[in-house]
Amino acid sequence: MAPKEVLDLHICIIGAGMGGLATALSLAKQGFNHIDIYESASNLGFVGAGIQLAPNMARILDRLGVWQEIEKEAVDLKDTSIRQGSTDEELANVDLRYVRETYGYPHMVGHRSSLANALLDGCKREKAVNIFMSTAIASVESWGAHPSFTATPRKGGEPYPVTCDVLLAADGVKSVIRDQMLKKNNVDAKIIDSGQAAYRIMLTREQMSNDPELLELLDRERATRWIGEKRHIIAYPVASKTIYNLSTAQPDLNFADAPSSTYTTNGSKPQMLSVFSDFCPMVQRMLNLVPDGELCEWKLRVHEPLPSWTLHQTALIGDAAHPTLPHMAQGAAQAIEDGGVLGVVLSRLPDASPEAVGKGLRVYEKLRRDRAYALVEMAAATGRAMHLGEGADKEERDRQFAALRGGEKGGKVPDRWADAEVQRVVYGVDVMEEAGEGFGELWEKV
Ligand SMILES: Cc1cc2nc3c(=O)[nH]c(=O)nc-3n(C[C@H](O)[C@H](O)[C@H](O)COP(=O)(O)OP(=O)(O)OC[C@H]3O[C@@H](n4cnc5c(N)ncnc54)[C@H](O)[C@@H]3O)c2cc1C
């Protein structure tokens, strides 16, 4: 069979986060040979935090040739334990060992930097991919057949114009390109105030070394969720069990008056201890280990589904298109799915004309939209269920937990990411395969 002819397209990507890097790699693997990524940060000194590496993410990373590297130091979860924050009583325990056998990939947890660095190294190995660090894109100047923008080096150097054939905005939850695109379409991205904020904490083995109970948590392949009214903490070991990662959710006390462009702030340890003051002594001991002055707090911002993710030859990817609460642990996974699907779709374009590119991007949106937004809604619903206060809804939730404890097979897990039926929908779907199968029909429709 003659090798497939690769279309000569200049593809620009704004943002070298999980979505941008995965997309560049996916396009390079499909044979595209001119891919430029512009990243405003000077280096990818990625947030010190853990990340769940769900099987639907792993499947794509494996195809992109970077999963083996990540898997080496990730921790393979055997189970998840959902516990009452105040007493540490186990409400339910869900076995996760079946996941690898059923979906071909395990449910692992790892360090964000290990995921990001593997994607970055993967991109660096591809001759087709150029990464321009310390280079911010403030606005798109032309949205026409060949999108153009000004790239501004942040450390000296003159701003310079760039024109391309395809522009992909992977500039995250704060996306400026999204705002401009919506303005151009005469619509707004309606920000929803989640009312929630998060601390992200990493405790080293050394910090935990004097506490056998804490060391037991670090040595176990388990994700533990402690829940309470309006708050929870999810925690698991990462980096070959050298670090215990905690991610919290609590009422937003600090961002209410901040501009909507503010996403992080220095967290106050006394405030954190007070927010979780009724959680059990073991949790208190962990939170007390956080060094003073080293706490970062994140505002959890989301917005209503956008009317559209594309304008002509430009499209949004990842959090720019579908920011989510983290409670389903699917934000990065969905950004990576976007990248995998874009690779499949653009590689099937019949020609390199602007019309074909525009149509291809609309096919991409059609393939991705419902799934990404369903997961955003599921994450919000999980938060609502985990954060219930006293009342009939909490009683019903706890009844469902109790049924699981009683060995009820196939019972509904209120912590939705651990529910087998939800996992079937999220982990069991190969979005790249579906994109290949669905492309022809959608091409006729968009
Ligand atoms: C507390 C918390 C826990 C989470 N846990 C998980 C989890 O367990 N599993 C999971 O899958 N997801 C998780 N997520 C979600 C995940 O982190 C995000 O969904 C994911 O990082 C989105 O990737 P992205 O590429 O769209 O955006 P980002 O990773 O935010 O990348 C955007 C990039 O664009 C750059 N940029 C921005 N503007 C410009 C510009 N104008 N010019 C040039 N560059 C620009 C930024 O510097 C950044 O590097 C979590 C999120 C939070 C807040």
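A few remarks follow.
- Residue list for segment 329-347, restricted to those being within 9 Å of the ligand (Cβ to nearest atom) and out of contact with any Ser or Thr (no Cβ under 6 Å at 6 or more places or on another chain): Ala329, Gln330, Ala332, Ala333, Gln334, Ala335, Ile336, Asp338
- Listed by position, the helices (runs of 4 or more DSSP H) enclosed by segment 61-147 that each have at least 1 residues that are touching a strand residue (DSSP E or B) at 6+ places or on another chain (Cβ under 6 Å) and under 23 Å from Asn33 (Cβ atoms) are 112-125.
- Among the residues making up segment 403-438, those that are assigned to a helix (DSSP H, G or I) and open to solvent by 40 Å² or more (accessible area, probe 1.4 Å) are Arg405, Arg416, Ala420, Glu421, Arg424, Val425, Glu433, Glu434, Glu437.
- Boolean, Arg205 is under 29 Å from Leu115 (Cα atoms), surrounded by 15 or more Cβ atoms within 10 Å (Cβ to Cβ) and within 16 Å of the ligand (Cβ to nearest atom): no
- Residue in segment 47-59 that is more than 30 Å from Ala403 (Cβ to Cβ), touching a Cys at 6+ places or on another chain (Cβ under 7 Å) and hydrophobic (A, V, I, L, M, F, W, C) present: no
- Of the numbered criteria (1) open to solvent by less than 70 Å² (accessible area, probe 1.4 Å); (2) touching a Ser or Thr at 6+ places or on another chain (Cβ under 9 Å), the one Ile191 fails is (1).
- The combined condition, being open to solvent by less than 60 Å² (accessible area, probe 1.4 Å), farther than 25 Å from Pro326 by Cα, away from the ligand (no atom under 16 Å from the Cβ) and over 23 Å from the mean Cα position of the chain (by Cα), is not fulfilled by Ser148.
- Per the conditions (1) within 13 Å of the ligand (Cβ to nearest atom); (2) farther than 25 Å from Gly360 by Cα; (3) crowded, with 16+ Cβ neighbours inside 10 Å, the sole criterion not satisfied by Gly48 is (3).
- Failed item in (1) open to solvent by 80 Å² or more (accessible area, probe 1.4 Å); (2) of a type outside the set (D, E, K, R); (3) within 26 Å of the chain's Cα centre (by Cα); (4) closer than 19 Å to Gly85 by Cβ, with Met286 passing the rest: (1)
The values are calculated or read from the model by the stated rules, or taken from the named source; none is laboratory data. Remember, predicted model here, so these are calculated numbers, not experimental data. Glycine gets a Cβ as well: all are built from the backbone with ideal geometry, and neighbour counts include every protein chain shown. Accessible surface areas use protein heavy atoms only, side chains included; no ligands, DNA or RNA. Shrake-Rupley method; radii C 1.70, N 1.55, O 1.52, S 1.80 Å.
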